[in-house]
1. In the stretch 283-314, how many are assigned to a loop (DSSP other than H, G, I, E, B) and either farther than 12 Å from residue 65 by Cβ or touching a Cys at 6+ places or on another chain (Cβ under 6 Å) (or both)?
2. Sort through 116, 111, 127 and tell me the only one that's closer than 24 Å to residue 311 by Cβ, within 19 Å of the chain's Cα centre (by Cα) and of a type outside the set (Phe, Trp, Tyr).
3. Would you check which residues across the stretch 9-56 are part of a loop (DSSP other than H, G, I, E, B), of a type in the set (Val, Ile, Thr) and surrounded by 16 or more Cβ atoms within 10 Å (Cβ to Cβ) and list them?
4. From (1) in a helix (DSSP H, G or I); (2) surrounded by 13 or more Cβ atoms within 10 Å (Cβ to Cβ); (3) not aromatic (Phe, Trp, Tyr), pick out the condition that doesn't hold for residue 210.
5. Please find, within the stretch 57-70, the residue that is nearest to residue 303 (Cα to Cα) out of those that are open to solvent by 30 Å² or more (accessible area, probe 1.4 Å) and aliphatic (A, V, I, L, M).
6. Have a look at 256, 240 and point out the one that is β-branched (Val, Ile, Thr), part of a loop (DSSP other than H, G, I, E, B), touching a residue at least 12 places away in the same chain (Cβ under 8 Å) and under 21 Å from residue 157 (Cβ atoms).
7. Could you check the stretch 81-113 and list, in sequence order, the residues that are open to solvent by less than 10 Å² (accessible area, probe 1.4 Å) and either of a type in the set (Phe, Trp, Tyr) or touching a Lys or Arg at 6+ places or on another chain (Cβ under 8 Å) (or both)?
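The values are calculated or read from the model by the stated rules, or taken from the named source; none is laboratory data. Since this is a predicted model, take the numbers as computed values, not measurements. We place every Cβ from the backbone using ideal geometry, glycine too, and count neighbours over all the protein chains shown. Note: areas computed on protein heavy atoms with side chains; ligands, DNA, RNA excluded. Shrake-Rupley method; radii C 1.70, N 1.55, O 1.52, S 1.80 Å.
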Amino acid sequence: MTAQSFNQPLGGNEMPRFGGPVTMMRLPSQPTAEGLDACFVGIPLDIGTSNRSGTRMGPRQIRDESRMLRPFNMGTGAKPFDSLQVADIGDVALNTFDLKKSVALIEEDYHAILAHDCVPLTLGGDHTLTYPILKAVSKKHGPVALIHIDAHADTSDEMFGEKIAHGTPFRRAFEDGCLDAQNTFQIGLRGTGYSPEDFDWARDKGFTVIQAEECWYKSMAPVMETVRERMGPDRPVYLTYDIDSLDPAFAPGTGTVEVGGLSTWQALEIVRGCRGLNLVGCDLVEVSPPYDPSGNTALIAANLLYEMLCVLPGVRY
């Protein structure tokens, strides 16, 4: 396949950046993942949130703020659109009034995406959505290694008596056998809690937990070197990035902000540090546009999703 046969983002000299299709990076859209190596897909979900709502609007604003992104990565030399066939396949059609039905719908759609051997890059949406995605991914690939960037562990057993919510996905995924616990990293956890178990539950199961305080004033490159050494080039890996891992100075547009978070340059180091891993799926969650009228939180999210695309297997440099 020649470079000319790959889908390309609509360029700023062909159509002003404020015009054109409202797809991720103004890419072509199609209804399914057929024929694609990777796809952007939205999950406009916020009925799993416990504090401030609004993440249902996340996918739309992330797409809108992606309009300034260009195809060549000047920082890394990655040329994803000369390497992979990529399109935006739209949003999962959720049941707005039923979280459990929405979770089932997400899993069903991701089974269909993965049946095409396509790597999904998900625009969230609250973090509940990662649970059904992991169920679908692990059915195809077996238990997956996990890189989870977040202010919160999301390993609660219940929230308001419910087993499925945005604070429970990784406990449910572990219980369902979706995760390779010895190759699961949680990075950036911080804030207040109810007891040490909030973070220690994961440690007890074999997860590697790196709290935010361990990241202050440091490059994340050494951490990612450890991650790559541990996981190797062949093990299936899933990357999930909660925007609230960033300090609210960078990303205020989220529902559960915590002080003392990561910086945007640390975020880039983490995602770029995934190069060489066998990434089988990625998501960017918890962007809540009503809490950031500037759009900067969604703009950061769009850039991180692009960086995820740039480190997928098969991307040329």
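1. Looking only at that region, the number is 7.
2. Result: 127 is the single residue among 116, 111, 127 that is closer than 24 Å to residue 311 by Cβ, within 19 Å of the chain's Cα centre (by Cα) and of a type outside the set (Phe, Trp, Tyr).
3. Across the stretch 9-56, the qualifying residues are 23, 32, 47, 49.
4. (1)
5. Only one residue fits best here, namely 68.
6. Going through 256, 240 in turn, just one is β-branched (Val, Ile, Thr), part of a loop (DSSP other than H, G, I, E, B), touching a residue at least 12 places away in the same chain (Cβ under 8 Å) and under 21 Å from residue 157 (Cβ atoms): 256.
7. 81, 88, 110, listed by residue number.
Table: residues versus (1) closer than 16 Å to residue 312 by Cβ; (2) part of a loop (DSSP other than H, G, I, E, B).
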position: 87; (1), (2): yes, no
position: 93; (1), (2): no, yes
position: 97; (1), (2): no, yes
position: 106; (1), (2): no, no
position: 117; (1), (2): yes, yes
